[in-house]
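As structure tokens, the structure follows; a few thoughts come after it.
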There are 2 protein chains.
Amino acid sequence: MANLMHNLNIQIEIDSELYSKNPDSSALGRKIINNSIELIYEIGFDAFTFKKLGTLISSPESSIYRYFDNKHSLLLYLTSWYWTWTEYQLAFVTTNIVSPQERLKRSIKMLTKSVVEDTAVSFVNEVLLSEIIFSESIKAYHTKSVDEENKKGCFRAYKRVVQRVSDNVLEINPEFLYPHMLVSTVIEGSHHQKYFSEHLPALTDVKKNDNSITNFYTEMVFNFLEK
Amino acid sequence: MANLMHNLNIQIEIDSELYSKNPDSSALGRKIINNSIELIYEIGFDAFTFKKLGTLISSPESSIYRYFDNKHSLLLYLTSWYWTWTEYQLAFVTTNIVSPQERLKRSIKMLTKSVVEDTAVSFVNEVLLSEIIFSESIKAYHTKSVDEENKKGCFRAYKRVVQRVSDNVLEINPEFLYPHMLVSTVIEGSHHQKYFSEHLPALTDVKKNDNSITNFYTEMVFNFLEK
DNA sequence: GCATAAGCGATAGTATTACTATTATAATTG
DNA sequence: CAATTATAATAGTAATACTATCGCTTATGC
């Protein structure tokens, strides 16, 4: 699939509560973002430290701390970036499609598949970022500070994505009681299933790299909505 | 619901790869387990340390290290205990029920609701433990060491639960392609939805403490199987 | 019932992590 | 070109996640 966003020069703007200093405002900031994505992808978020990142980019830890309070804040930034980018992608994939069923089908596909092509939006490698989101993003909101961060608006982008797809669900079945539950189940579920397929295959039925995750959630949703 | 397991004096046996020294074999070991459950429940797994636990039970850290290599191992033990206990519960809830639909319905209910009554099996507070599982258990398998621990068998109990319910699914629809995906989606999904309802309500449709999570997943499963 | 071993508490110590602070130099901006 | 701001270099601290030692106590085995 040719990606329409390619070379469109779209700017992903991230709210200021998600950083101390905007990483998009300097060369060092952009270096922090794209190298952190590679490093987290490589060694996992738990083993990731600002010290290691500093070594990788040949800058002292203290410089990184000017952009983000700690590695958790950085993860919040990355997830927010991802969901903002996903929102654009969803808009592109569904625009000009008349049938709400077809739109939902395309949205589910986009949400349940990991990204395989770098759209080269901004300075971010979206292929690696999507891998990080799939496997580490729960760690962004499964903390004791969720409520506080939620109040500050750190999860706005994710919520907008869920809301957008929920609206699509209600177009198809306006009586449906659980649009948000359904959508968040699909998103989180597909992340889990991919992880299971790679690490705990007894918990899933995926043959690596087939389309069963997308097929499963697509069928699940439409059976539920059109019973 | 009167709980049949109450006062049955059932022993939950945990495989030896899940501890260095069996906590069930000494008073200190049992103290470690039930106090760790309370402490993790209170301050969350991330803030939990062996030092704090040691202070709570008036024992040095080093004594706790004799039972578990680190706090991650302890969490693995607790999750394994929980799934072993859940397996027994599932057996009880479904035994003597002829209809596979009714058995599945009861299993889903048991898997999607957090425990409200302590069955007083062994030395463990199952109400608090189930809260920990719902909110922290992803952290037990979302690590770089999953594969190694999986090989050792640390997730056997969880897999048995998924397998048991999957078999029930196949009884109802032997052609169904994704029994494990369906069951693990229900389990992980209900955990997420409960968490969302408490912290990120925009991602769900739950009114606190209603039965919507159980209703949602029950409907979802049966619509999918009986389309 | 006595010897042996195992379990535990008390204490000390180390490497790593997650920061904070200070200052000099380099780059930007007005 | 002056003023501001960003960065690098360095140092330092408190907490975490352990490991090691040792002496006392309590089981267990004969």
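The values are calculated or read from the model by the stated rules, or taken from the named source; none is laboratory data. Predicted, not measured: the structure shown is a model, and the values here were computed from it. Neighbour counts are summed over all protein chains in view; Cβ atoms, including those assigned to glycine, are modelled from backbone coordinates with ideal geometry. All accessible areas refer to the heavy atoms of the entire protein, side chains included, with ligands and DNA or RNA removed. Shrake-Rupley method; radii C 1.70, N 1.55, O 1.52, S 1.80 Å.
Only lysines eight or more places from residue B:51 in sequence, or on another chain, were considered; those with a Cα closer than 21 Å are A:144, B:21, B:31, B:71, B:139.
Applying a DSSP loop filter and a limit of 16 other Cβ atoms within 10 Å to the GluC sites (Glu not before Pro) in segment B:30-118 leaves B:117. The simple spin-label model puts a point 7 Å past each Cα toward its Cβ; for residue B:47 and residue A:160 those points are separated by 3.2 nm.
Per residue, chain B reaches -19500 deg cm²/dmol at 222 nm when only DSSP H runs of four or more residues are counted, each adding -39500 (n - 2.57). Placing a label point 7 Å from the Cα of residue B:22 along the Cα-to-Cβ direction, the distances to the matching points in the other copies come to 6.2 nm, shortest first. Taking all C-alpha pairs of the protein assembly as shown, those more than 43 Å from each other amount to 15 percent.
Residue A:225 contributes an accessible area of around 10 Å² to the protein surface, as traced by a 1.4 Å probe with all chains present.
Less than 13 Å Cβ to Cβ from residue B:29, Lys/Arg counted +1 and Asp/Glu -1: what total charge do the surrounding residues give? Net charge around residue B:29: +3.
Given a 1.4 Å probe and the protein chains as shown, residue A:160 ends up with an accessible area of around 100 Å².
Using a 1.4 angstrom probe on protein heavy atoms only, the contact between B and A buries about 4400 square angstrom of accessible area, both sides summed. Efficiency by 1/(1 + (r/R0)^6): what FRET value for residue B:11 and residue B:177, r their Cβ-Cβ distance, R0 = 35 Å, to the nearest 0.05? So, using R0 = 35 Å, E works out to roughly 0.40. Relative to the dominant Cα principal axis of chain B, helix B:126-136 is inclined by about 80°.
Compared with the dominant principal axis of the Cα atoms in chain B, helix B:212-225 is inclined by about 50°.
In the assembly of identical copies, residue A:72 has its label point, taken 7 Å from Cα in the direction of the beta carbon, separated from the corresponding points by 1.9 nm (ascending, one decimal).
Rolling a 1.4 Å probe across the protein heavy atoms gives segment B:97-223 an accessible surface of 39 Å² per residue.
Check each residue of segment B:164-194 and keep those whose accessible area, probe 1.4 Å, is at least 20 Å² smaller with all protein chains in place than in the chain alone; give them in order of residue number. At a threshold of 20 Å² (probe 1.4 Å), the residues of segment B:164-194 that become less exposed are B:178, B:180, B:181, B:184, B:185, B:188, B:192, B:193. Accessible surface ranking for A:152, A:227, 1.4 angstrom probe, highest first: A:227, A:152.
Counting Lys and Arg as +1 and Asp and Glu as -1 over every other residue whose Cβ lies under 9 Å from the Cβ of residue A:178, the net charge comes to -2.
Applying a DSSP loop filter and a limit of 13 other Cβ atoms within 10 Å to the GluC sites (Glu not before Pro) in segment B:160-227 leaves B:175, B:226.
Electrostatic tally near residue B:69: other residues with Cβ closer than 14 Å to its Cβ, Lys and Arg +1, Asp and Glu -1, net 0. Per the Debye formula on identical point scatterers at the alpha carbon atoms of segment A:123-227, with no solvent, log10 I(q)/I(0) at q = 0.11, 0.24 Å⁻¹ is -0.43, -1.31.
With label points set 7 Å from Cα along Cα→Cβ, the inter-copy distances at residue B:55 are 3.2 nm, sorted shortest first. Axis angle, to the nearest 10 degrees, between helix A:179-199 and the longest C-alpha principal axis of chain A: 70 degrees. Counting only protein heavy atoms and a probe of 1.4 Å, the accessible surface of chain B is 49% carbon and sulfur. The value obtained for segment B:35-136, namely the Cα convex hull volume divided by the number of residues, is 101 Å³ per residue. Computed from the Kirkwood radius of its Cα pairs, the Stokes-Einstein diffusion coefficient for chain B at 10 °C and 1.306 mPa s stands at 85 µm²/s.
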